[in-house]
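Please treat every number below as a calculation from the coordinates, not as lab data. These numbers come from a predicted model, not from an experiment. Reconstructed Cβ throughout: ideal geometry from the backbone, glycine too, with neighbour counts over all protein chains shown.
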Amino acid sequence: MPLPDPQLTPGLEERAARVSLFRKLLKNPVGLIALIFLALLVLSAIFAPLLAPADPNTASLQDVLAPPGGAHPLGADSAGRDVLSRLLFATRFSLAGALLALVVAAVIGVVAGLIAGYFGKWFDSVSSWFAGLLMALPGIVVLLAARAVLGPSMWLSMAIFGVLLSPAFFRLVYASVSAVRNELYVDAARVAGLSDARIIARHILTVVRAPVIIQAAMITGIAIAIQAGLDFLGLGDTTVPSWGSMLNDAFAKIYTNPDLMIWPASAIALTCIALTLLANVMRDELERTAGPVKRRKNRDRAAEAPIVKAAHLSTVGMATISEEERRLALEQPAASEPGEIVHPVVVHPDPEDGGRSSTGNPFGEELLSVRNLAVGYDQPDGSIKVVVNDVSLRVRRGEVHGLIGESGSGKTQTAWSVLRLLPDGGRVIDGSISFEGKDLAHATEKEMTKLRGAKIAYIPQEPMSNLDASFTIGSQLVEPMRVVLGLSKSEATKRALGLLERVGIPNPQRTFDAYPHEVSGGMAQRVLIAGAISCDPDLLIADEPTTALDVTVQAEVLSLLRELQAELNMGVILVTHNFGVVADLCDRVSVMRAGRIVETGPVRSIFAAPEHEYTKALFAAILEEGEPRGELVAARTETAQTEKEGLR
Amino acid sequence: MLRFILRRLASGVVLIVVISTIAFGLLYIGGGDIARRILGQTATAETVTQKAQQLGLDRPLYGQFIDWVSHAVVGDFGTSWFTGQEVIQAISSRVAVTLSLVIGATLISAIVAVLLGVWAARRRGWPDRLVQVISVLGFAIPGFLIALGLVIVFAINLGWFKPTGFVQFATSPSGWLSSIALPVIALAIGGIAGVTQQIRGSVIDALRQDYVRTLRSRGLSANRVIYKHVLRNAGGPALAVLAVQFVGLLGGAVIVEQVFAIPGLGQVAVAATNQGDIPLVMGLVVVTAIIVVVVNLVIDILQGFLNPKVRLS
């Protein structure tokens with residue numbers, strides 16, 4: 001049967017990645033310098049007998065502490081031995097010792113890690129425990145103890161140190177192996193009848209190779225440092241020249257000839273720095289290579305399963321998705337922009353009486369006026385990615401203004417820019433945000449801090465991730481009230497308990513004392529609403545406040561919001577993707593698409609006579625909701641809309 | 001919380017027992033003919049046998065071990081084979097010196113690392129790159145080299161500190177401070193490098209969390225959110241690194257003490273190692289293990305304090 005060879009693809013990919021990693025290492029100036037330095041070091045260690053002008057151990061009384069020059073290019077030490085020759089031979093022994101420790105550590109660590117990670121069972125727990133044991137004691141103490149009984153052998157102590165370092169490899173390999181053990185391609189190989197040994201060799205080793213190489217560079221540096229330390233303490237083998245023993249020798253003459261320390265000290269320091277830099281550069285390059293690959297995969301997956309992706313984006317939202325997805329989501333409006341004809345905004349006129357709120361009150365004064373707002377994100381290449389363009393909207397006291405659109409349409413970005421709490425790199429690049437006469441687009445951070453909470457409040461979308469898990473719910477409510485309103489602790493506590501009761505929490509004291517993970521999502525959202533209104537704001541920005549909740553809870557939270565809005569006579573910006581919510585709560589609505597508002601006006605007029613194609617399409621999507629088919633249908637029609645309207 | 005502490009304590013005791021057993025086995029088996037080594041090559045076979053008898057080395061190993069354990073549990077680790085001093089005395093007179101170095105270095109590392117890490121995480125750009133460079137250098141260069149550099153620059157060339165020697169706190173507090181300043185700095189630089197990276201990473205992660213935006217939307221300043229909320233959340237992983245750093249610093253202290261001629265555990269350890277003074281070495285291993293266990297316990301309790309989920313589990 002012509003089964004595709006499961007070994008082929010990952011192997012090839014990996015090889016290509018490795019070649020390009022090495023090439024990238026050469027192109028990186030830091031990596032190149034570190035590599036050249038280490039190569040020279042290895043060469044001088046190999047050819048030490050040829051390069052050294054004298055025997056490293058021959059003492060000569062007349063040359064004691066001879067200055068550099070002549071027969072001793074770098075001078076002679078306190079026993080009259082040639083410093084250059086000693087340095088060259090010391091390089092040899094120091095590197096060899098470190099290499100021994102590395103080999104021992106790598107062999108034990110990688111083998112044990114593979115077995116424990118791949119086969120698991122008892123070996124897993126025993127070896128993990130043993131790794132913890134080895135890491136519990138300072139290495140030097142163990143080496144000193146070993147030296148006490150085994151005598152001053154560099155090879156023995158480096159072998160022992162290798163054992164002590166093996167957990168570094170063990171943990172690394174163990175973690176990667178247990179991660180890939182159940183990957184599909186490993187399963188496929190198993191089904192195809194490959195033996196465990198071949199699977200490990202072909203699939204698992206390729207995964208752990210790069211991290212092991214990086215770890216090896218670090219470990220070598222540590223081994224060099226500890227060996228130099230032992231020899232510096234005078235506990236090493238005195239017949240073997242090493243950087244540490246040279247340093248020990250020079251340290252005795254620190255007052256008269258401090259220059260003697262320069263060579264061994266720089267050799268140790270530069271080697272350790274070169275190894276660490278090499279490891280860092282390799283890690284950076286690997287991460288950089290992994291980046292685009294992951295992104296491409298994400299996009300492929302998105303193309304194959306748009307339903308999953310759209311559903312995921314609209315429920316979880318921009319705030320909680322990974323950086324990668326966030327970037328993708330941000331790209332979408334911009335990506336769909338070129339070549340697209342920008343339709344003029346359809347503006348429905350206000351009714352002649354100036355409009356009344358859903359509760360029947362006339363609207364108050366204008367709170368917020370956003371004009372021609374543009375929001376952009378600075379890109380690493382210096383350009384700006386525009387995610388909101390030419391957005392204008394207005395909110396009066398007592399008025400609920402809905403912002404509706406698909407995920408990635410820029411509605412949340414618009415909301416955040418009013419709070420001036422855009423994620424890293426994001427900023428208002430054009431337009432003005434006027435709040436009670438103050439231009440927020442150009443306000444200082446200090447002015448914004450004064451406004452937030454007190455004048456403008458925010459209800460987030462995902463209740464759980466918006467509470468700090470390390471503090472009790474009560475303390476998170478009390479802290480802002482003390483800062484913003486200047487209340488005492490007991491006053492703030494009293495007020496917080498009152499607020500919790502107001503938002504419909506059955507046992508306020510218990511919730512007050514609880515940590516966020518101890519309450520349900522619906523409760524957490526009520527807590528967040530309580531927090532938002534705790535300092536009597538004039539304007540409330542609610543970012544899909546019900547999306548993450550169960551359907552039954554959604555209705556309760558919506559009616560709570562409506563009550564509170566009427567009671568406090570707040571202006572509200574309500575971000576949503578649900579026309580049901582708009583119909584339920586909003587006075588005005590602005591339909592957003594690809595970073596722009598396409599249609600805006602009183603809810604009644606837009607519901608009665610949508611003019612923009614996109615608004616009509618959105619309505620067409622919810623009309624089907626009338627049939628009793630439940631949530632699944634709603635999600636699917638919406639997604640179909642996504643595809644049709646091209647969030648490509 | 002109490003159950004959590006008790007469980008950690010129990011696992012610490014197990015660790016000490018296991019380390020003692022392994023160390024005892026290796027030291028007494030690996031030591032070969034110990035009596036011969038103490039007396040030297042010139043000693044007669046007769047005196048060697050006598051010495052072995054005197055030290056109890058002729059008895060079976062398990063008998064020696066049971067003997068050692070029964071004394072060790074009440075704090076008696078025997079006497080040094082070379083000085084005749086009681087092991088526990090030799091160690092306890094030095095342990096405070098080493099601990100003051102290591103704890104001082106740990107505290108300084110923690111404070112400086114928090115400031116640098118938060119600075120790098122918030123500013124990014126050049127402060128971030130600067131902190132990265134410092135971290136790489138501090139991590140890569142062995143502590144004793146840093147110590148040597150400090151001695152040459154600040155003690156020998158500038159003369160700000162005495163290069164060697166240790167002043168007891170009781171004798172002169174200011175003299176004590178000046179005598180441990182350089183060693184503590186030498187040790188702290190490595191610790192700072194390790195912990196700063198961790199703090200920087202955790203703070204960058206924590207800053208991206210949703211609750212940071214929500215807390216700031218309530219009118220809390222960025223500084224307040226970072227130093228109260230973000231750091232508390234970033235504190236867990238940073239403490240874990242600090243625990244590892246502490247073990248490293250304990251080892252580093254052995255060498256740094258030698259550079260500054262400070263009479264701490266390091267000096268005892270080096271002397272005992274050179275002579276093959278096995279009861280003393282054994283005592284040192286056990287005391288080190290106890291210190292490590294206690295520090296890890298303290299860190300675990302701090303973790304529980306920082307993270308309510310740890311406390312409940």
task = Mind listing the long-range amide H neighbours of A:MET592? Cut-off is under 5 Å, sequence gap 5 or more, other chains count too, H placed in the peptide plane at 1.01 Å from N.
result = A:ILE404, A:GLY405, A:VAL598
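Can you give me the relative contact order of chain B as a percent, contacts being Cα pairs under 8 Å and 6 or more apart?
On the way: 333 pairs, mean separation 88.0, N = 313.
Relative CO of chain B lands at 28 percent.
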note = D (µm²/s, integer) via Stokes-Einstein for the protein assembly as shown, Kirkwood Rh across alpha-carbon pairs, 37 °C, 0.692 mPa s: value 101
ask   = From the square roots a ≥ b ≥ c of the eigenvalues of the alpha-carbon gyration tensor of the range A:463-536, which class results: rounded (a/c under 1.5), prolate (a/b over b/c), or oblate?
value = prolate
inquiry  = Taking only Cα atoms of chain B, what ratio of Rg to Rh do you get with Rh as the Kirkwood inverse-distance radius?
reply    = 1.06
ask   = For the residues A:VAL103, A:VAL603, what sequence is obtained by ranking on other C-beta atoms within 10 Å, fewest first?
value = A:VAL103, A:VAL603
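Rank these for me by crowding, B:TYR211, A:TYR118, A:TYR458, A:TYR185, going from fewest to most other beta carbons within 10 Å. Walk me through the numbers on the way to the answer.
Working: B:TYR211 24, A:TYR118 20, A:TYR458 28, A:TYR185 14.
Sorted ascending by nearby Cβ count, the order is A:TYR185, A:TYR118, B:TYR211, A:TYR458.
Which helices pass in chain B if a helix is a full DSSP H run, must span at least 24 angstrom along its long axis by Cα, and must have mean Kyte-Doolittle hydropathy not below 0.0? Walk me through the numbers on the way to the answer.
Values: long enough: B:2-30 (41 Å, 1.83); B:87-123 (52 Å, 1.63); B:173-207 (43 Å, 1.11); B:231-260 (39 Å, 1.37); B:278-306 (42 Å, 2.49).
Those that clear 24 Å and a mean of 0.0 are B:2-30, B:87-123, B:173-207, B:231-260, B:278-306.
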key: Residue (of A:ILE273, A:LEU95, B:VAL259) at the positive-pole extreme of the protein assembly as shown, dipole from beta-carbon charges   = B:VAL259
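Can you classify the range A:401-463 as rounded, prolate or oblate using the Cα gyration tensor, where a ≥ b ≥ c are the square roots of its eigenvalues, rounded means a/c under 1.5, and otherwise it's prolate if a/b beats b/c and oblate if not? Could you put the intermediate results ahead of the total?
Numbers: a/c = 1.62, a/b = 1.38, b/c = 1.18.
Judged from the Cα gyration tensor, the range A:401-463 comes out prolate (a/c at least 1.5, a/b above b/c).
Within the set A:LYS24/A:LYS121; A:LYS450/B:LYS228; A:LYS450/A:LYS616; A:LYS253/B:LYS51; A:LYS450/A:LYS489; A:LYS411/A:LYS455, which residue pairs have Cα atoms separated by over 30 Å? Walk me through the numbers on the way to the answer.
On the way: A:LYS24/A:LYS121 40 Å; A:LYS450/B:LYS228 19 Å; A:LYS450/A:LYS616 41 Å; A:LYS253/B:LYS51 40 Å; A:LYS450/A:LYS489 20 Å; A:LYS411/A:LYS455 21 Å.
Long pairs (Cα-Cα over 30 Å): A:LYS24/A:LYS121; A:LYS450/A:LYS616; A:LYS253/B:LYS51.
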note = Which residues qualify? For A:ALA54, with a placed amide H closer than 5 Å and at least 5 residues away or on another chain, they are A:SER85
ask   = Given the C-alpha centroids of the range B:116-149 and the range A:412-491, what is the distance between them in whole angstrom?
value = 34
request  = Give the residue from B:ALA181, B:TRP119, B:THR196 lying farthest towards the positive end of the charge dipole for the range B:113-227; charges sit on Cβ (+1 for Lys and Arg, -1 for Asp and Glu) and the dipole is referred to the Cα centre.
outcome  = B:TRP119
key: For residues of B:134-147, the mean tally of beta carbons on other chains within 10 Å   = 6
remark   = Across A:222-230, the residue-averaged tally of Cβ atoms belonging to other chains within 10 Å stands at 4
task = Give me the distance in nm between label points sitting 7 Å out from Cα along the Cα-to-Cβ direction at B:SER92 and B:VAL298, one decimal.
result = 1.9
key: Mean-position separation - Cα centroids, the range A:120-154 and the range B:279-306, in angstrom   = 16
message = Can you find, among B:ALA35, B:ILE134, B:GLN53, the residue sitting farthest towards the positive end of the charge dipole of chain B, where Lys and Arg contribute +1 and Asp and Glu -1 at Cβ?
response = B:ILE134
remark   = Expected sort for A:SER434, A:SER94, A:SER157 with the fewest Cβ neighbours (10 Å cutoff) up front is A:SER434, A:SER157, A:SER94
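Assign one of three labels to the range B:1-74, namely rounded, prolate or oblate, based on the Cα gyration tensor with a ≥ b ≥ c the square roots of its eigenvalues; rounded applies when a/c is under 1.5, prolate when it is not and a/b is larger than b/c, and oblate otherwise. Spell out each step's value before the answer.
On the way: a/c = 4.49, a/b = 3.19, b/c = 1.41.
Verdict is prolate for the range B:1-74.
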query = Gap in Å between the Cα centre of the range A:389-407 and the Cα centre of the range A:222-279?
reply = 68
